[in-house]
Amino acid sequence: MSRLGSPDNPLLVAVVGSGPSGFYATEALIKSGVKTRINMFERLPVPYGLVRSGVAPDHPKLKQAIKVYAKIAEAKEYNYLGNVTVGTAISVEELRTTHHAVIFTCGAETDRRLGIPGEDLPGSYTATEFVGWYNGHPDYRNRKFDLSHETAVIIGQGNVAADVSRILAKTVDELKHTDIAGHALEALATSKIKNIHVIGRRGPAQAKFTSKELKEFGGLADCDPVIDKNELALNPESEVELADKTNAGNKKIYELFSGFADREATTDRKCIFTFLKSPKEVSGNGRVESVLLEKNTLSGEPFRQSARGGGDTFSIDAGIVFRSIGYHGIAMPGVPFDEARGVFANVKGRVVKDGEVDPGLYAAGWIKRGPTGIIGTNRADSVETVKSLLEDLDKLDTGEDKPGAAGCYEILDRRNIRHVNFSDWKKIDACEVERGQAAGKPREKYTSVPEMLALLD
Ligand code: NAP
């Protein structure tokens with residue numbers, strides 16, 4: 001047989017997940033010059049992962065990445081199999097039998113846990129649930145968030161916490177022309193929340209927001225960013241951090257915080273940023289009524305400072321809590337999992353089993369490196385993984401005639417699994433855009449899988 005990756009013997013790759021990393025891996029394979037066929041598997045009928053169901057509805061520019069992915073999807077080498085869950089509808093072993101290589105780009109699908117009493121009390125939610133709900137993700141469409149209280153507590157100071165706080169802080173007028181799910185807009189219209197506490201366990205010099213996201217709090221229609229000036233005091237190590245030229249991002253964040261601290265309040269709705277506090281307990285009689293916080297101090301060298309509780313505690317009365325402390329990957333049967341880091345154990349994207357590289361299995365994106373970075377970070381990450389894969393060409397299993405997509409369709413049809421192709425997605429897409437028009441929205445998403453499939457019948 002001719003060499004793998006030649007026109008007569010194309011490299012067959014299964015990509016698991018249709019978010020940014022999946023599309024960037026596809027792009028890198030197509031551009032590599034190696035003849036290839038890519039089958040991309042997605043659990044939902046609709047593609048684009050967190051760009052569709054993670055990026056906040058009021059950030060349409062970030063969603064422009066979808067245009068790039070739609071262009072990649074036009075390539076003759078690309079094939080989409082939506083509504084197919086790898087691990088249940090088709091196994092990893094079956095992907096290996098039908099393809100020469102599998103690249104996992106399935107992200108980090110769950111949240112880290114705080115590990116404190118009361119974390120799961122009704123009224124205490126993960127950011128993932130709330131973000132999925134307002135973005136119309138089918139898994140979260142039926143969640144109910146009790147927004148009848150005046151005070152909300154958000155744990156964490158990363159960009160997801162910024163998204164959650166901002167969506168709570170915005171008025172309906174600020175959201176109604178976005179692609180926010182209709183059910184979320186309706187519920188947020190009745191929200192009584194007016195105090196949003198955004199809690200950081202470390203100091204103002206270590207917050208993980210990006211400045212563009214933080215700056216938006218200064219321009220909200222009916223909510224003031226509030227900071228107590230005393231909270232902005234820095235220890236010498238934090239001063240060193242902010243003086244470091246490589247740390248311009250955090251310096252900018254600190255300047256924004258200082259600007260917020262100087263502002264006069266213009267409304268009684270507030271987003272209150274507070275630092276050096278860790279949650280110790282969420283409590284209440286059958287549902288969230290308060291959050292106990294412990295004051296922290298920082299210890300360690302500049303850039304390696306960690307927070308340590310000093311025993312001094314106080315409570316905030318709050319009716320709702322959102323835990324936004326980072327995501328965590330989920331294990332998949334047949335793939336070695338690093339539980340502590342929540343990633344598939346890998347070296348430069350090559351999956352490692354019992355300390356040995358297992359040629360044929362690769363990972364890219366959050367399931368490779370953990371939940372860090374912005375959308376664009378995933379391009380270089382996927383390029384590195386594809387480079388590793390292409391270096392392994394001679395080591396891949398070519399022992400049998402690999403059937404690629406045809407073999408997968410045969411397996412799925414045998415199991416009566418309804419799979420969706422990219423033209424099907426385009427139909428759903430067009431219907432969503434049309435539905436949105438009447439309300440002046442870019443789209444009104446379908447939020448249930450049966451509803452999406454019914455459109456195609
Ligand atoms: P993140 O940036 O890692 O922030 C997590 C926050 O939770 C940090 O403030 C962290 O504090 C805190 N935290 C962690 N464990 C904690 C604990 N046990 N108790 C209290 N606080 C704790 O994670 P993320 O916000 O989920 O964002 C994930 C990635 O997506 C990031 O790279 C983010 O930039 C990106 N993202 C980007 C956008 C955008 O570009 N608009 C939007 C959303 C998300 P420490 O610093 O002390 O660990």
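The values are calculated or read from the model by the stated rules, or taken from the named source; none is laboratory data. Treat the numbers as computed from the prediction; the structure is a model and nothing was measured. Here Cβ is always computed from backbone atoms with ideal geometry, including for glycine, and neighbour counts include all displayed protein chains. Heavy atoms of the whole protein, side chains included, go into the accessibility calculation; ligands, DNA and RNA do not. Shrake-Rupley method; radii C 1.70, N 1.55, O 1.52, S 1.80 Å.
Of all positions in segment 70-88, at least one carries a residue that is of a type in the set (D, E, K, R), surrounded by fewer than 24 Cβ atoms within 10 Å (Cβ to Cβ) and within 28 Å of residue 440 (Cβ to Cβ).
Being surrounded by fewer than 23 Cβ atoms within 10 Å (Cβ to Cβ), under 25 Å from residue 343 (Cα atoms) and over 15 Å from the mean Cα position of the chain (by Cα): is that true of residue 115 here?
Working: surrounded by fewer than 23 Cβ atoms within 10 Å (Cβ to Cβ): yes; under 25 Å from residue 343 (Cα atoms): yes; over 15 Å from the mean Cα position of the chain (by Cα): yes.
Spelling it out, residue 115 is indeed surrounded by fewer than 23 Cβ atoms within 10 Å (Cβ to Cβ), under 25 Å from residue 343 (Cα atoms) and over 15 Å from the mean Cα position of the chain (by Cα).
Look at (1) buried (at least 21 other Cβ atoms within 10 Å of the Cβ); (2) not in a helix (DSSP H, G or I) and you find that residue 389 fails only one, number (2). Here is the figure for segment 324-369: residues that are among the polar types (S, T, N, Q) and touching a residue at least 40 places away in the same chain (Cβ under 8 Å) total 1. Every listed requirement among (1) within 12 Å of the ligand (Cβ to nearest atom); (2) within 18 Å of residue 443 (Cβ to Cβ) is met by residue 112 save one, (2). The residue list 315, 299, 283 contains one member that is within 14 Å of the ligand (Cβ to nearest atom), among the small types (Gly, Ala, Ser) and at pLDDT 95 or above, which is 299.
Scan the helices (runs of 4 or more DSSP H) fully inside segment 141-235 and keep the ones with 1 or more residues being away from the ligand (no atom under 15 Å from the Cβ), over 25 Å from residue 44 (Cβ atoms) and open to solvent by less than 30 Å² (accessible area, probe 1.4 Å). Give the derivation first.
Working: elements: 159-169, 172-175, 182-189, 211-215.
Passing ranges, in order: 159-169.
Scoring residue 136 on the criteria (1) within 13 Å of the ligand (Cβ to nearest atom); (2) open to solvent by less than 10 Å² (accessible area, probe 1.4 Å); (3) farther than 22 Å from residue 378 by Cβ leaves a single failure, condition (1). Tell me, please, whether a residue that is within 21 Å of residue 19 (Cα to Cα) and modelled with pLDDT under 95 can be found in segment 376-398. Yes, there is a match, as at least one residue in segment 376-398 is within 21 Å of residue 19 (Cα to Cα) and modelled with pLDDT under 95.
Can you report the number of residues in segment 360-373 which are open to solvent by 40 Å² or more (accessible area, probe 1.4 Å) and of a type in the set (Lys, Arg)? Don't jump to the end; show me each part of the working.
If we filter segment 360-373 for residues that are open to solvent by 40 Å² or more (accessible area, probe 1.4 Å), which is where we start, we get 366, 369, 372-373.
If we keep only those that are of a type in the set (Lys, Arg) too, we end up with 369.
The qualifying residues number 1.
Among the numbered conditions (1) of a type in the set (A, V, I, L, M); (2) surrounded by fewer than 23 Cβ atoms within 10 Å (Cβ to Cβ); (3) within 16 Å of the ligand (Cβ to nearest atom); (4) assigned to a strand (DSSP E or B), the only one that residue 321 does not meet is (2).
Residue-wise test of (1) closer than 24 Å to residue 89 by Cβ; (2) open to solvent by less than 70 Å² (accessible area, probe 1.4 Å).
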residue	(1), (2)
345	no, yes
353	yes, no
358	yes, yes
375	no, yes
378	no, yes
381	no, yes
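Filter segment 433-454 for residues that are modelled with pLDDT of 95 or more, outside any helix (DSSP H, G or I) and exposed (fewer than 14 other Cβ atoms within 10 Å of the Cβ) and give the result. Matches in segment 433-454: 440, 448. Looking at segment 261-281, can you tell me whether even one residue there is aromatic (Phe, Trp, Tyr), open to solvent by less than 80 Å² (accessible area, probe 1.4 Å) and outside any strand (DSSP E or B)? Yes, segment 261-281 contains at least one residue that is aromatic (Phe, Trp, Tyr), open to solvent by less than 80 Å² (accessible area, probe 1.4 Å) and outside any strand (DSSP E or B).
Identify all residues within segment 331-380 that are part of a helix (DSSP H, G or I), in contact with a Gly (Cβ under 8 Å, 6 or more places away or on another chain) and of a type in the set (D, E, K, R); write none if there are none.
Taking segment 331-380 and keeping what is part of a helix (DSSP H, G or I), we get 366-369, 377-380.
Then keep just the ones that are in contact with a Gly (Cβ under 8 Å, 6 or more places away or on another chain); that gives 366-368, 378.
Of everything in segment 331-380, just one residue is part of a helix (DSSP H, G or I), in contact with a Gly (Cβ under 8 Å, 6 or more places away or on another chain) and of a type in the set (D, E, K, R), namely 368.
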